[in-house]
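Just below is one structure, and these are the notes that go with it.
The values are calculated or read from the model by the stated rules, or taken from the named source; none is laboratory data. Keep in mind the model is a prediction, meaning the values are calculated, not measured. A quick note on method: Cβ atoms are made from the backbone with ideal geometry, for glycine too, and the neighbour counts reach across all protein chains shown.
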Ligand SMILES: Cc1cc2nc3c(=O)[nH]c(=O)nc-3n(C[C@H](O)[C@H](O)[C@H](O)COP(=O)(O)OP(=O)(O)OC[C@H]3O[C@@H](n4cnc5c(N)ncnc54)[C@H](O)[C@@H]3O)c2cc1C
């Protein structure tokens, strides 16, 4: 909560994620759900500008899709007490993409304050994007962080970047308050040029970045009048998240170690 207050004071909004994934026991998934209830209460009582992000495999997807959907729905209901009631459903590995979108659609039929994530590296995503645009879903677009095979995912960065940009443009011109989640300066500049050309309002979308990554760029975008939301993960189950960050960029390991030493 202290970290979120500091971000808010710099004009940055947040989304909080309780770290954890691939939960197999129902009791454990219920504990994760209850942690989100406490988290939503803490956001309310501290009055910080933050919503929440969650993973369906932490909600019990591996036990049952129905059970995970019930847990996500319970969090969506609880979040409606908050000033920012939005609940983001993170996207995980390709094996659970269809189930994750299925859970999103099921929960959204009753609670509109939920939104999915689409990964530009997946070959299936252009079709998913059209479906999400037709639904009016509030989408976060990212490149994708899981080690995927060439059968299901693009593996070359220029191809991923151009797929990302095509989909970002579709979301910016036809979507519902999209989130452009990236630290990639080339994509950010292209998005800025696109919205300027089309006169798309700066409050019609937001940039999103990870806590601690390119903080000077985060603040520069805010001072240029863009909305920026920072993804802030917390908790003890940090290994999966940490591993994905290191696979993206070796310097992230040094950054994390430096933060530990400073503590
Ligand atoms: C808010 C948010 C939410 C996300 N949610 C999901 C999700 O639900 N599912 C999922 O699969 N993935 C998610 N991701 C991760 C995402 O898919 C990518 O793996 C991750 O963001 C890295 O890709 P990138 O576009 O940021 O740039 P990269 O490809 O990592 O980097 C591109 C360029 O950005 C610059 N850069 C990057 N990092 C730094 C740095 N530390 N310092 C200086 N320059 C830097 C460099 O110029 C680099 O060449 C999320 C990412 C964000 C930001």
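Across region 191-207, what is the number of residues that are surrounded by 17 or more Cβ atoms within 10 Å (Cβ to Cβ) and free of Cβ contacts under 8 Å to residues at least 40 places away in the same chain? The number of residues fulfilling the criteria is 4. Residue 164: crowded, with 20+ Cβ neighbours inside 10 Å and either closer than 30 Å to residue 109 by Cβ or free of Cβ contacts under 8 Å to residues at least 12 places away in the same chain (or both), yes or no? Criteria met by residue 164.
Residues of region 178-200 being more than 7 Å from the ligand (Cβ to nearest atom) and touching a helix residue (DSSP H, G or I) at 6+ places or on another chain (Cβ under 8 Å), which ones? Those that are more than 7 Å from the ligand (Cβ to nearest atom) and touching a helix residue (DSSP H, G or I) at 6+ places or on another chain (Cβ under 8 Å): 178, 180, 186, 188, 190, 191, 194, 195, 198, 200.
Counting only residues that are out of contact with any strand residue (DSSP E or B) (no Cβ under 7 Å at 6 or more places or on another chain) and modelled with pLDDT of 95 or more, region 189-213 holds 15 of them.
In the condition set (1) closer than 28 Å to residue 195 by Cβ; (2) more than 14 Å from the ligand (Cβ to nearest atom); (3) part of a loop (DSSP other than H, G, I, E, B), residue 149 is compliant with all but (1).
Scanning region 25-40 for residues that are under 19 Å from residue 62 (Cβ atoms) and touching a strand residue (DSSP E or B) at 6+ places or on another chain (Cβ under 7 Å) returns 32, 35, 36.
Within region 222-244, the residues that satisfy the criterion of being more than 8 Å from the ligand (Cβ to nearest atom) and more than 20 Å from residue 32 (Cβ to Cβ) are 222, 223, 224, 225, 226, 227, 228. Just for region 208-221: of the residues that are under 21 Å from residue 194 (Cα atoms) and buried (at least 16 other Cβ atoms within 10 Å of the Cβ), which one is farthest from the ligand (Cβ to nearest atom)? Step by step, filter region 208-221, then rank; the result is 221.
Among the residues here, residue 147 does not qualify as over 20 Å from residue 240 (Cα atoms) and surrounded by fewer than 18 Cβ atoms within 10 Å (Cβ to Cβ). Scanning region 152-161 for residues being more than 9 Å from the ligand (Cβ to nearest atom) and either surrounded by 18 or more Cβ atoms within 10 Å (Cβ to Cβ) or within 17 Å of residue 90 (Cα to Cα) (or both) gives a total of 2.
Only residues that are within 16 Å of the ligand (Cβ to nearest atom) and farther than 16 Å from residue 43 by Cβ: list them for region 1-28, please.
Correct list: 19, 20, 21, 22.
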